[in-house]
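Worksheet for the structure shown next.
The values are calculated or read from the model by the stated rules, or taken from the named source; none is laboratory data. What you see is a predicted model, and the numbers here were worked out from it, not measured in a lab. Neighbour counts are summed over all protein chains in view; Cβ atoms, including those assigned to glycine, are modelled from backbone coordinates with ideal geometry. These area figures cover heavy atoms from the full protein model, side chains too; ligands, DNA and RNA do not enter into them. Shrake-Rupley method; radii C 1.70, N 1.55, O 1.52, S 1.80 Å.
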Amino acid sequence: MTILDVAAMAGVSVGTVSNVLNGTITVSEARRQRVLDVIKELGYSPNMLALGLRRKRSPVVGICVPQTSIPYFSALMEAFEEVAAAHGIEIMQVLSQGDAQIEYQRIVSLLKYRVGGLLIVPSKDPSATYEMIAASGVPTVVVERAPDDDFAFDRVTFDNHAVMQRATQGLIDRGHRSILFIVSEAGLIVNQQRIAGMRAAADPVGVHIRVLEGGRDQSTLTARLAGELQNEPRPTAIVVSTSTFAAWVLRAFRVLRIDCPRDISLLSFEQPEWEDLVTPKLSVVSRPTREIARMAWTFLMRRMRNEAEIPQRIQLDAEVIFRESVRHI
């Protein structure tokens, strides 16, 4: 089957079919759905490589995330899959493992396939990758972990500083005066933004804030947490940056014979799938994952259609949900 067969059966022009496949020009929802139905019925599969050679870029979007074992990144990838399928565009996913060198190599691989656009959740130090992408001219949107200063790409994230300031204020309002923040890497831009948000709420009222890097496994976190709890003032509340750390901290509580929330309260900056399976009910920050994916995709399509000029930045809001794992003191 060819694109001519699809156009004939759908009763549209070849150009309309091409626009549906590539997202280059907006097509009415009725026509787009008719074309997609015919494509499905005929089993039509465009030759992406040949199309990429003709256009110098293929109608494929490359996506680079640190890893998919973290629930948030997994949910983000699912959201991108959904929006890509709705627009009839293929995606090619690579993982950087949060390593700048691996990230650079993975993006090089995507560019070799002449992807039409890139969505990237960057590593701790993506400067070399950014320079390479900028030199390539490939439309790119940075999702999460975007710096606050001037930037060459569109950025979509949520306001880490404001959300963490609000979460910290909620803990302070519940009587907590010593708060521990457990992170994977304190140097990550999102964690720097969150720490700044914590201090914005805590410093004016003299609340003590400490930051602990939790390590890469359960035993390391348990040992580091045990050591941290020997320091004064002992934290009455712990905030964790990921749901993985939330699970590890709950296990560490059992080992260290700590009752949550009687001894220490717990709030997770990531909403785990298992949150309804634990007692007490976990307090969380609920991030707008689908909206982040939708906005990032919208920005990227505009770039791929040459409809955008100056790089834009959008920060979405997130909800802080206090439950039984945080107590009033």
Do the conditions hold for VAL163, that is, is it outside any helix (DSSP H, G or I) and open to solvent by less than 60 Å² (accessible area, probe 1.4 Å)?
no
With the requirement that a residue be open to solvent by less than 20 Å² (accessible area, probe 1.4 Å), of a type in the set (A, V, I, L, M) and closer than 17 Å to GLU144 by Cα, what does segment 184-219 give you?
LEU188, VAL190
Options PHE181, PHE151: the member that is within 25 Å of ASP217 (Cβ to Cβ) and either of a type in the set (Phe, Trp, Tyr) or open to solvent by less than 10 Å² (accessible area, probe 1.4 Å) (or both)
PHE181
Quick count over segment 1-21, residues being closer than 14 Å to ASP37 by Cα and touching a residue at least 40 places away in the same chain (Cβ under 8 Å), is 3
Exclusive hit being open to solvent by less than 50 Å² (accessible area, probe 1.4 Å) and farther than 30 Å from GLU29 by Cβ, set ILE91, ILE120, ILE133, ILE63:
ILE133
Taking segment 1-59 and keeping residues open to solvent by 40 Å² or more (accessible area, probe 1.4 Å), in a helix (DSSP H, G or I), at pLDDT below 75 and of a type in the set (A, V, I, L, M) leaves MET48, LEU49, LEU53
When the residues of segment 299-329 are narrowed to those that are charged (D, E, K, R) and in a loop (DSSP other than H, G, I, E, B), which ends up most open to solvent (accessible area, probe 1.4 Å)?
GLU309
Among the aliphatic types (A, V, I, L, M) and touching a His at 6+ places or on another chain (Cβ under 7 Å), is that true of ALA201?
no
Pairs returned, first residue in segment 255-267 that is in a helix (DSSP H, G or I), second residue that is buried (at least 21 other Cβ atoms within 10 Å of the Cβ), beta-carbon separation under 8 angstrom, 6 or more apart or interchain, are LEU256/LEU225
If you scan segment 139-156, which residues turn out to be at pLDDT 90 or above and of a type in the set (A, V, I, L, M, F, W, C)?
VAL141, VAL142, VAL143, PHE153, VAL156
Residue by residue through segment 157-206, note down the ones that are under 28 Å from GLN312 (Cα atoms), at pLDDT 95 or above and touching a Leu at 6+ places or on another chain (Cβ under 7 Å).
ALA167
Please give the number of the condition GLU291 fails out of (1) open to solvent by 20 Å² or more (accessible area, probe 1.4 Å); (2) of a type in the set (Asp, Glu); (3) modelled with pLDDT under 90.
(3)
What are the residues in segment 171-208 that are over 24 Å from the mean Cα position of the chain (by Cα), in contact (Cβ under 8 Å) with a residue 40 or more places away in the chain and not in a loop (DSSP other than H, G, I, E, B), if any?
LEU171, SER178, ILE179
Pairs needed: first member in segment 61-76, over 20 Å from THR129 (Cβ atoms); second member anywhere, open to solvent by less than 10 Å² (accessible area, probe 1.4 Å) and in a loop (DSSP other than H, G, I, E, B); C-beta distance under 8 Å; at least 6 residues apart or different chains.
PRO71/GLU270; PRO71/PRO272; TYR72/GLU270
Residue that is farthest from SER74 (Cα to Cα), among those in segment 120-160 that are of a type in the set (S, T, N, Q), outside any strand (DSSP E or B) and within 19 Å of the chain's Cα centre (by Cα)
SER127
Criterion: without any contact (Cβ under 8 Å) to a residue 60 or more places away in the chain and open to solvent by 20 Å² or more (accessible area, probe 1.4 Å) - qualifying residue of TYR104, TYR113:
TYR104
Segment 276-287 - residue that is open to solvent by less than 40 Å² (accessible area, probe 1.4 Å) and either free of Cβ contacts under 8 Å to residues at least 24 places away in the same chain or within 19 Å of the chain's Cα centre (by Cα) (or both) and, of those, farthest from ILE238 (Cα to Cα)
ARG287
Just the residues that are over 14 Å from VAL326 (Cβ atoms), under 22 Å from the mean Cα position of the chain (by Cα) and crowded, with 19+ Cβ neighbours inside 10 Å, please, taken from segment 220-266.
SER241, THR242, SER243, THR244, PHE245, TRP248
Positions within segment 65-119 being among the charged types (D, E, K, R) and assigned to a loop (DSSP other than H, G, I, E, B), in sequence order
ASP99, ARG114
